[in-house]
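Note sheet for the following structure.
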Amino acid sequence: MSTMRGANAYARMGVETGVMAASPHQLIVMLFDGAQASLRAARLHLQQGNMAEKGKALSKAIDIVNNGLAASLDPEKGGEIAGQLASLYDYVVRLLLQANLHNDEKRIDEAARLLDDIGTAWREIAPAARS
């Protein structure tokens, strides 16, 4: 992923501070963090019965996954792994759409767990990539 491609993907998510100075790796970490923050907000709004805000938070998480994480995949350089991640991101989006439709906290939790697993692996790549 080029730095500009990653910066543009993240900028579309409505976050500007530090984006242009971030490495492509840091941009992806920021996307994972943003998705998790949106899922935490959605869960809280669901528990409080605030369905409009729950829907907004889930929509933001879906936008981050679709237009940030999935859009930053490079099928040419990423090969099979990029394809697997694309499928996983598609699954996460479907979970979140169902969570929104059915007010299902378990689906939010599953999506959060999957994104956390990928995000953790992504964070562990950085030190290895530098050595």
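Readers should treat all values here as calculations from the given coordinates under stated rules, not as data from a laboratory. This one's a predicted model, so the numbers in the text were calculated from it and none came from an experiment. No Cβ is skipped: glycine too gets one built from the backbone with ideal geometry, and neighbour counts run over all protein chains shown.
Full extension of the chain between Gln26 and Asp109 gives 27.5 nm of extra length, using 0.36 nm per residue less the Cα-Cα distance. Extension gain for the segment Leu101 to Asn50, taken as residue separation times 0.36 nm less the Cα-Cα distance, is 17.0 nm to one decimal. Net charge dipole, segment 30-131: roughly 280 debye, given to the nearest 20, about the Cα centre with Cβ charges of +1 for Lys and Arg and -1 for Asp and Glu.
Extension gain for the segment Gln84 to Ser59, taken as residue separation times 0.36 nm less the Cα-Cα distance, is 6.7 nm to one decimal.
Within straight-line reach of Lys106, meaning a Cα separation under 21 Å, sit the following lysines at least 8 residues removed in sequence or on another chain: Lys54, Lys56, Lys60.
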